[in-house]
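Structure first, then comments.
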Amino acid sequence: MPPELGDNSVALVNGSTFMYSAPNGDVPPGSIGGLVHLDTRLLNRWVLRINGAPMLVLRSAVADPYSAQFFTTNSAESGLREQTVAARRLRYLGDGLHERLEITCYCTGPVTLEVRLETGNDFADLMEIKSQVLDRSDQITRHHSPDGSRLAFRYEHDAFTSQTDVQVTPRPDRLDGDDVVWVVEVAPHTTWRADIHVPLPPGTEMPNRVSGDMADVFHHRAEDPNAQWEAQVSRLRSEHSLLERVLARTRADLTAMRLEMEINGQQVSLPAAGLPWFLTLFGRDTLITAYQSLTAGPRLAKGALLALASLQGRRCDDFSDEEPGKILHEVRSGELTRRGMKPYDPYYGTADATQLWLILLSEYWRWTRDDDLVRSLRDNALAALRWIDTYGDRDGDGYVEYATRSSEGLGNQCWRDSWDGVRFADGRLPVLPIATSEIQGYTYDAKLRLAELADGPLADPGLARRLRDDAARLFEAFNRDYWIDDRGGYYAVGLDGDKTPIDSMTSNMGHLLWSGIVPEDRAAAVVTQLMSPAMFSGWGIRTLSAEDRPYNPIGYHLGTVWPHDNAIAIAGLTRYGYRAEANRVALALLDVAAQFDHRLPEALAGYPRDRSFFAVPYPTACSPQAWASGAPLTVAQTLLGLQPADGQLLLDPRIPDEIGRVTVSRVNAFGRFWDIEAAGTTGSVRPSTD
């Protein structure tokens, strides 16, 4: 595996583009870093050297999700007295990569410096970067300009092409292969500057991205569509500054990770899954993040619904696991996919995205009462329902199961999609096909929600009655087949291919509360399990009980704590009236965010809080990661007890003393804006005057 970039690596993101570098701003060749756009790496080497020596980092920091500064200095290896030459690198992502080099001399007299920027490209597919990159050198051509002001790399293989241009000002003194070299004389206390621009390949420009002079961008004088977007979402203020700062980080991250697409002539926005490896359309991740974001505004949810509907499955295809009516799992656009070597154009290997799409459609309608959109998606909704009842239920037993048919497919097609994410309590792996518990909960919820739409904008009361009957049968069967009386009572994580309950105790029970498939008389037992020391680490609910044999606090789905998983559990606890328990988990997540610059990582180690004293991130967690970034929105919503119902916003706050008074301005619901104020158990909703 290629080497990591070390602690404090810097990742910038803007839509489908990211730049991932070491703390000094460099991308060493052979590392996992680089400039990536639409799943193709446009730069895999980007190293600044002074007199042949790399620069030592002093400090680097992200200014905005798309911009950063790097402060570095020289070492003795440069042939100069150490720490007498300072370099500042200003970098932002807009219509490509923009970087300014500023070299300042603090020597006692003028010095001549060789400033070298090493560049290079391997045009790697994103899916190779963390493993083994194909050698494409024979297909990469170079057309560098004679004066060195432009370096052009082009890759062609079969029908796949990509291109990288490096444009530099001032003109370098020479090119040394693919390296740009300036020989400059710098007087004491003076600064030499150079600007570099790497535009996105022709035909792949990103719409509505910040651009302009470097100083204007960093001082927020340039027109910034990201800031304009962020300014339109609802804004929370609290006497507890931590909650306010966490939600401000959420707004910034979700703004930066939004994708822009055109669907049937309409420009839409929707959330990508996460930085750096998942800046693309996902089924489950995009849908859950869009669901979380509805309290901030409906635009991401509408975009997710339309984008995923436009790519809904239409045929049976083994390689991509596509089936009619199925909502996709993942889309990729790199070479391996474009040439048919990977199944991601799109890949449909998920058994829950179809139900989640229906759930999001319902929740969007509850917040907006947008009858026209629901009616326009009628055929998609009915196709999704047919998938659930036919292809999803592989053997006609009333449960949705999964098993891949693709040679490149996922074995587990639920949210616990690692190869060992679903196991028996004694460690055995179950046989396929598997019907995990939370998928049945989603199916139950989706059918009841679609029945509500059938009674409303879809005007089909017969469908509504059938769906409620289906849901009632599923409720009864599920609570018969998945309930285990041992250990005080709990739900199995799933049924295996032999219909044997998979008896590990997992956080999936929080999803079951969220879906409403748990009977009232079993809710207390489920809550007791979720909040037990074996499940609740103090930082959040673990994915797997510490009492089960496969438990591993740093196993991806075997004992880690996932913020989005916990946010779903918080919503479930709130649904069943367990507000104190919901608040306990919510405050734990806020404590975690405080330790990571107010941003929740994708996953945490499951170490107990009373022994670890600080939260430990999962080793390769994405940050930001969309549904982790969206989790604080669910936290805020459940603290407020905020729900749309029958065209009204209902408020039932249970705000802990630690949070104090909370105000939310310009909540977008039912086509107008609302202001909310709450403290303790009292609050008010009123039309916004802004």
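The values are calculated or read from the model by the stated rules, or taken from the named source; none is laboratory data. Values in this document were obtained by computation on a predicted structure and should not be read as measured data. Here the Cβ is made from the backbone with ideal geometry for all residues, glycine too, and neighbour counts use every protein chain on show. SASA here: full protein model, heavy atoms, side chains in, ligands and nucleic acids out. Shrake-Rupley method; radii C 1.70, N 1.55, O 1.52, S 1.80 Å.
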Discussion item. Ranking request for peptides 608-617, 639-648, 508-517: highest mean number of other beta-carbon atoms within 10 Å first, then the rest in descending order.
Written reply: 508-517, 639-648, 608-617
Worksheet item: With the Cα gyration tensor of segment 396-439 giving a ≥ b ≥ c as the square roots of its eigenvalues, does the rule (a/c under 1.5 for rounded; else a/b larger than b/c for prolate; else oblate) give rounded, prolate or oblate?
Response: oblate
Response to the item:
Taking Cα pairs closer than 8 Å and at least 6 residues apart, the relative contact order of segment 1-79 in percent is 26 percent
Fill in: Lys, Arg +1 and Asp, Glu -1 on Cβ, resulting dipole of the chain about Cα centre, debye, nearest 20
1080 debye
Item to complete: Determine the distance separating the Cα centre of segment 3-70 from the Cα centre of segment 164-184; give it in Å without decimals.
Response: 19 Å
Item to complete: Taking the chain as the reference, fit the longest principal axis to its C-alpha atoms, fit the long axis of helix 437-455 to the helix C-alpha atoms, and give the angle between the two in degrees, 0 to 90, nearest 10.
Response: 80 degrees
Worksheet, complete the sentence: Taking the alpha-carbon centre of each part, the distance from segment 579-633 to segment 308-326 in Å is 35 Å
Worksheet entry | Positive-pole candidate from ALA231, PRO202, PRO23, dipole of the chain, charges at beta carbon | ALA231
Practice prompt. Give the distance, in whole Å, between the Cα centre of segment 231-297 and the Cα centre of segment 538-553.
Written response: 29 Å
Worksheet entry | Order by protection proxy (mean Cβ within 10 Å, highest first), peptides 110-116, 342-348 | 342-348, 110-116
Worksheet item: Along each of its three principal axes, how wide is the spread of alpha-carbon positions in segment 513-640, in whole angstrom units, largest first?
Response: 39, 35, 23
Worksheet item: Near the amide H of GLU4, under 5 Å away, which other amide H atoms are found, from residues 5 or more places off or on another chain, if H is placed in the peptide plane?
Response: none
Fill in: Rounded to 10°, Cα long-axis angle of helix 461-481 versus longest principal axis of the chain
90 degrees
Worksheet, complete the sentence: Stokes-Einstein D for segment 1-47 (37 °C, 0.692 mPa s, Kirkwood Rh from Cα pairs), in µm²/s, comes to 313 µm²/s
Discussion item. Show me, for segment 288-295, the HN-Hα J-couplings you get by feeding each phi into the Karplus relation (A = 6.51, B = -1.76, C = 1.60, θ = phi - 60°), rounded to Hz, glycine and proline as x.
Written reply: 5, 4, 4, 4, 4, 7, 4, 5
Fill in: Values of log10 I(q)/I(0), in the order q = 0.06 Å⁻¹, for the chain under a Debye, Cα-only, solvent-free model
-0.36
Worksheet item: When only Cα pairs under 8 Å and 6 or more residues apart are kept, what is the percent relative contact order across the chain?
Response: 10 percent
Worksheet item: What list of ³J(HN,Hα) couplings, whole Hz, do you get for segment 32-40 from phi and the Karplus terms 6.51, -1.76, 1.60, once you set θ to phi - 60° and write x for glycine and proline?
Response: 8, x, x, 9, 10, 9, 6, 6, 10
Practice prompt. Can you bin segment 89-179 into rounded, prolate or oblate? Criterion: square roots of the alpha carbon gyration tensor eigenvalues sorted a ≥ b ≥ c, rounded for a/c under 1.5, prolate for a/b above b/c, oblate for the rest.
Written response: prolate
Worksheet item: Taking only protein heavy atoms and a 1.4 Å probe, what accessible area per residue, in Å², does segment 345-388 have with all protein chains in place?
Response: 28 Å²
Fill in: Positive-end residue of ALA628, ILE655, LEU544, charge dipole of the chain with Cβ unit charges
ILE655
Worksheet, complete the sentence: Counting only protein heavy atoms and leaving out ligands, DNA and RNA, the solvent-accessible surface of SER75 at a 1.4 Å probe, in Å² to the nearest 10, equals 20 Å²
Fill in: Full-stretch length increase - ASP652, ASP158 - with 0.36 nm per residue and alpha-carbon distance subtracted
171.8 nm
Response to the item:
Treating only Lys and Arg (+1) and Asp and Glu (-1) as charged, each at its beta carbon, one finds that segment 446-532 has a dipole about its Cα centre, in Debye to the nearest 20, of 200 debye
Worksheet item: What accessible area, in Å² to the nearest ten, does a 1.4 Å probe give for TYR391?
Response: 90 Å²
Practice prompt. Please list the radius of gyration and Dmax for segment 11-103, considering alpha-carbon atoms only, with Å as the unit.
Written response: 13.5, 43
Worksheet item: Where does the Debye-calculated log10 I(q)/I(0) of segment 479-588 sit at q = 0.12, 0.20 Å⁻¹, using only Cα point scatterers of equal weight, no solvent?
Response: -0.36, -1.02
Worksheet item: If you line up the Cα atoms of segment 394-498 on their principal axes, what length do they span on each, largest first, in Å?
Response: 48, 40, 21
Worksheet item: If you plug each phi of segment 46-62 into the Karplus form 6.51 cos²θ - 1.76 cosθ + 1.60 with θ = phi - 60°, what whole-Hz ³J(HN,Hα) values come out, in order, with x for Gly and Pro?
Response: 7, 10, 9, 10, 10, 6, x, 10, x, 8, 8, 6, 9, 6, 9, 7, 7
Worksheet item: Looking at segment 275-372, what % of the alpha carbon pairs are farther apart than 23 Å?
Response: 27 percent
Fill in: Per residue value of the accessible surface for segment 389-441 (all protein chains in place, 1.4 Å probe), Å²
37 Å²
